[in-house]
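The values are calculated or read from the model by the stated rules, or taken from the named source; none is laboratory data. In this text the structure is predicted, and so the values were computed from the model without any measurement. No Cβ is skipped: glycine too gets one built from the backbone with ideal geometry, and neighbour counts run over all protein chains shown.
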Amino acid sequence: MPQTQKGSWFLHYREKMDKDLIEGIKATLYEIWHTKERIREMRKKKQKVPAYLKGYLRKLDTQLNKMRSVAVYYKEYSSIENVELLGENYIRQMKRDLTPLTFQTSILCQRIGTRKDGFYSSMREGHKYNASDFEYLDSLGYEFDDAAMDCRADKDLNRQAPICIGMDYNANINWLVAGQPSGRRLNVLKSFFVKFERKLSALVEDFCNYYAYHENKTVIYYYDATALGSNYAVNDQDFHWVIMHEFERRGWEVADVYLGNPMKHDEKYLLINRGFAGKQRLMPMFNRQNNDDLILAVQTAQVYRGRLGFRKNKNDEKNPETEEDLLEHRTDGTDAFDTLYIGCEKFPQHDIYNFSGGGVM
């Protein structure tokens, strides 16, 4: 079972499976078996096999091939079902050697869900949505690559409205999460990150390239005190200055909104989970296709309970990256999402810059 949406392309085949068609194939297979059994019994008794039975078999075979030619069959299996071949010792060894997340996905074949004891415990599957513009994708045909995928493929984007962003700044990974309020929803449109030698200027460039066809070149940039006075992701200026400079030199107007000191973790926990529960002004909703790594990070974020109360568990952020513990699956991206949500919920600016009004989705 994949741990990210990038590896989960084949999971969508479950939605393409026509259950009635599969049942029709099973019924036809049974009828073929049953007819062949009749023929065998007749031959054992040295009875003449009627010609219509042979013709009936050919007809069934033709029907079966037609159904198979358009059929998709999807089923998920746990390795436990293969225990007679693998052996119990193998399962025990894998549980001992693998991380809990890897054991859950690789051995038990379980889908990753939101941790019930996690920081975003109120998030549900219903907080994700699909919003691909298939007419635009069809117009590309089969000859397109990642460079051709831009905001024109997103059906949830209000092209006349500004885009709100929240960011997180780190030495090894930097995040930008983009969203738009729409009614009582905060649509998390897309998330971006850069790692290692690629820094904030590259992050802004990725955003601007993706939204090059967006009609309203206005960004509402929510930031807190962590963006001021630090420069470990850049050279000379602090994060806030770099973000403003990089957007403006690419022709975007920036409305920067200062949130003050970062909100305490327990307050943030209550605010955002109330949002997921529909008890705040805005409910966060995630575009599945554009937030694969962010969604995984949100779903797996843990809570740390210490002497000073509980907080988001960020202990792994400073550890070296491994294949089983990628930087983009840690809590850095969730902090950028937090900033976006807090800004849109507590410091609404969207309508001030949205001269056209209205919304999408």
| query | Taking interchain pairs and intrachain pairs at least six residues apart, which have beta carbon atoms under 7 angstrom, with the first residue in segment 62-89 and without any contact (Cβ under 8 Å) to a residue 12 or more places away in the chain and the second hydrophobic (A, V, I, L, M, F, W, C)? | reply | V83/I91
| Quick one: is Y13 modelled with pLDDT of 90 or more and within 30 Å of T105 (Cβ to Cβ)? | no
| query | If you go through segment 280-297 one residue at a time, do you hit one that is within 21 Å of the chain's Cα centre (by Cα), assigned to a helix (DSSP H, G or I), of a type in the set (S, T, N, Q) and surrounded by 15 or more Cβ atoms within 10 Å (Cβ to Cβ)? | reply | no
| said: For the condition acidic (D, E), surrounded by fewer than 16 Cβ atoms within 10 Å (Cβ to Cβ), modelled with pLDDT of 90 or more and farther than 24 Å from Q299 by Cα, what is the one hit in D145, D150? | reply: D150
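Among the residues of segment 167-178, are any surrounded by fewer than 22 Cβ atoms within 10 Å (Cβ to Cβ), in the same structural domain as L296 (by TED's automatic domain parsing), without any contact (Cβ under 8 Å) to a residue 60 or more places away in the chain and in contact with an Asp or Glu (Cβ under 7 Å, 6 or more places away or on another chain)? Talk me through it step by step, then tell me what you get.
As a first pass, look at segment 167-178 and keep what is surrounded by fewer than 22 Cβ atoms within 10 Å (Cβ to Cβ): 170-172.
Filter once more, keeping what is in the same structural domain as L296 (by TED's automatic domain parsing): 170-172.
Filter once more, so that each one left must be without any contact (Cβ under 8 Å) to a residue 60 or more places away in the chain: none.
No, because not a single residue in segment 167-178 is surrounded by fewer than 22 Cβ atoms within 10 Å (Cβ to Cβ), in the same structural domain as L296 (by TED's automatic domain parsing), without any contact (Cβ under 8 Å) to a residue 60 or more places away in the chain and in contact with an Asp or Glu (Cβ under 7 Å, 6 or more places away or on another chain).
Taking the criterion of being basic (K, R) and closer than 14 Å to M167 by Cα, would at least one residue in segment 199-211 satisfy it? Can you show your working first?
Keep residues of segment 199-211 that are basic (K, R), which gives 199.
Subsequent filtering for residues that are closer than 14 Å to M167 by Cα retains 199.
Within segment 199-211, one or more residues are basic (K, R) and closer than 14 Å to M167 by Cα.
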| query | Is segment 33-54 home to any residue that is at pLDDT 80 or above and closer than 30 Å to A297 by Cα? | reply | no
